[in-house]
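Contents: one structure, followed by commentary.
Any read-out appearing in this document is the output of simple, stated calculations on the displayed coordinates, not a laboratory observation. Since we're looking at a predicted model, the values are computed, not measured. Cβ placement follows ideal geometry from the backbone for every residue including glycine, while neighbour counts extend to all protein chains displayed.
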Amino acid sequence: MTEPVVITEETILPAGPPHFENSEHVMNQLKEDPKFAVVLHERQLERMALVIEEMAQRILDLEAKFTELETAVSFPRSDSPIPNLPQGAGRLKF
């Protein structure tokens, strides 16, 4: 049984990813396996779909902010309780 590795502030790790002796051979075998290729492509497609969904949501949020800004500029007192009429608020006829 191996002892557990304790990592402290003084622990120095080698630079770069770990190197295994048969890693290239195993990777070549995986690349030839059609099941691995299908799973790999599915994950890539899922990630692309997620990125597209995030971009679409950001565009919708930006469009909402732009519409809000455009409304505020076009109708500066639209939230006022007194209508902005040319006759004035005191001359309303019912």
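If you take the C-alpha gyration tensor of region 33-74, multiply each eigenvalue by 5 and take the square root, what semi-axes do you get, largest first, in whole Å? Before the final figure, lay out each step's value.
On the way: eigenvalues 327, 3, 3 Å².
Taking √(5λ) for each Cα gyration eigenvalue gives 40, 4, 4 Å.
Packing order of peptides 2-13, 40-51, highest average first: 40-51, 2-13 (average count of other Cβ atoms within 10 Å over each peptide's residues).
What shape does region 1-73 take by its C-alpha gyration tensor, where a ≥ b ≥ c are the square roots of the eigenvalues and a/c under 1.5 counts as rounded, a/b above b/c as prolate, and the rest as oblate? Write out the running numbers ahead of the final one.
Numbers: a/c = 4.70, a/b = 1.78, b/c = 2.63.
It is oblate, given that a/c is not under 1.5 and a/b is not larger than b/c.
Extension gain for the segment R47 to S74, taken as residue separation times 0.36 nm less the Cα-Cα distance, is 5.7 nm to one decimal.
How long is the gain from E3 to V38 if the chain were fully straight, where each residue apart is worth 0.36 nm and the alpha carbon distance is subtracted?
Working: separation 35, 0.36 × 35 = 12.60 nm, distance 3.85 nm.
Roughly 8.8 nm would be gained on extension.
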